[in-house]
1. Given the criterion of a type in the set (S, T, N, Q), out of contact with any Pro (no Cβ under 6 Å at 6 or more places or on another chain), in a helix (DSSP H, G or I) and closer than 30 Å to I46 by Cβ, identify the matching residue among S150, S183.
2. Using beta carbons and a limit of 8 Å, which pairs, at least six apart or on different chains, have the first residue in segment 305-317 and among the charged types (D, E, K, R) and the second one modelled with pLDDT of 95 or more?
3. For a quick check of your reading: which helices (runs of 4 or more DSSP H) sit entirely within segment 44-139 and have at least 3 residues that are in contact (Cβ under 8 Å) with a residue 40 or more places away in the chain?
4. Checking the conditions here, which among A8, A37, A33 is part of a loop (DSSP other than H, G, I, E, B) and out of contact with any Lys or Arg (no Cβ under 6 Å at 6 or more places or on another chain)?
5. I'd like to verify a number: residues in segment 35-62 that are at pLDDT below 95 and of a type in the set (S, T, N, Q), how many?
6. Looking at L251, L277, can you tell me which residue is among the aliphatic types (A, V, I, L, M), under 25 Å from M102 (Cα atoms), surrounded by fewer than 22 Cβ atoms within 10 Å (Cβ to Cβ) and touching a Ser or Thr at 6+ places or on another chain (Cβ under 7 Å)?
7. Which members of segment 70-97 meet the condition of being β-branched (V, I, T) and over 22 Å from A294 (Cβ atoms)?
8. Among the numbered criteria (1) assigned to a loop (DSSP other than H, G, I, E, B); (2) among the hydrophobic types (A, V, I, L, M, F, W, C); (3) in contact with a strand residue (DSSP E or B) (Cβ under 8 Å, 6 or more places away or on another chain); (4) surrounded by 20 or more Cβ atoms within 10 Å (Cβ to Cβ), which single criterion is violated by A175?
Amino acid sequence: MKIAVIGAGAIGGLVGAKLALAGEDVSFIVRGANFHAIRERGFKLIGAGGEEEIARDVKATDSYEQAGPQDIVILAMKAHQVEAVAEQVPRLFGPETLVVTMQNGIPFWYFQKHGGRLEGTPVHSVDPTGLVGRSIPAERIIGCVVYPASELVEPGVVRHIEGDRFPVGELDGTASERVNRVSACLVGAGFKAPVLDNIRAEIWLKLWGNLTFNPISSLSHATLVDICQYPPSRELATAMMQEAQAVAGQLGIEFRVSLEKRIAGAEKVGRHKTSMLQDVEAGRAPEIDALVGAVVELARLTGTPTPHIDTVLSLVKLLARSMADQRGHVQLRELA
């Protein structure tokens, strides 16, 4: 199949390289250093055990028109980066092109094909102008939840750390031929991609930890195990997760894992820095609205109080604004 991967970062690079190595016709739509590296050397994938593979037959282009119509378009950037490319994405559409969304957090399409009183409600936190929703119709979308961890080591080189699950699902929960086709494509590349009848429940399960540990870690510069083993921060995480569970419950979502088990899972990961903490240390704009702001927005829509999440959201947004205003980063340094 012809597959365009928009973005060649940690996840886009991993998925695109594996698909290409499995024989799919992959085009990375990228700019800058990634564009030149992929054009010149292909895309290198370093496995969890240190083994290396190079996908040499991948294409790299910065032109949507040059890439042309695709069978599948994979949106592989962070949620707050989607708006910048949204108007270009339709240039990749043929009559049956599918768009697989690989963003963390509440997606812009959350209430599309949702049913109930909130059907069609926009999520302003992740699509403030409505541009993304207008450009990428719900009829083309296949939802996806990203579980693997990887990192972009250098342009055109990704290291796969762990994990291989990319659950997928139709927005209306049907087991369509096309969602099974997407699943088979990912499975052929070596991933686990079960087709779910409730992709939103899986989104919430992943988000449950992200909306909690990401902002706490970025504010405290603590790793997952530190947050879980320090009683006050563990208590804060528990309160935030209870509030999120209440919001999800108002939307008909039930968690298949207990809160205690979810925290224990984070603790087992150990001294891991969350993606938001890594962004703060590197001076990148942290991914706040999809992970935290959208949960508060859904809380207001459902009339659910979220005082702990509200407070943490205010603090992490202030941190992000201070970083942007001063064009700086925040990092703990060992005293001499």
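1. S183
2. D310/V296; K317/I288; K317/G293
3. Output list reads 83-86, 131-135.
4. Exactly one of A8, A37, A33 is part of a loop (DSSP other than H, G, I, E, B) and out of contact with any Lys or Arg (no Cβ under 6 Å at 6 or more places or on another chain), namely A8.
5. 0
6. Within the list L251, L277, the selection yields L251.
7. Once the filter is applied, which keeps residues that are β-branched (V, I, T) and over 22 Å from A294 (Cβ atoms), segment 70-97 yields I72, V73, T97.
8. Every condition holds for A175 apart from (4).
The values are calculated or read from the model by the stated rules, or taken from the named source; none is laboratory data. Treat the numbers as computed from the prediction; the structure is a model and nothing was measured. When we count neighbours, we look across all protein chains shown, and the Cβ atoms used for this are built from the backbone with ideal geometry, even at glycine.
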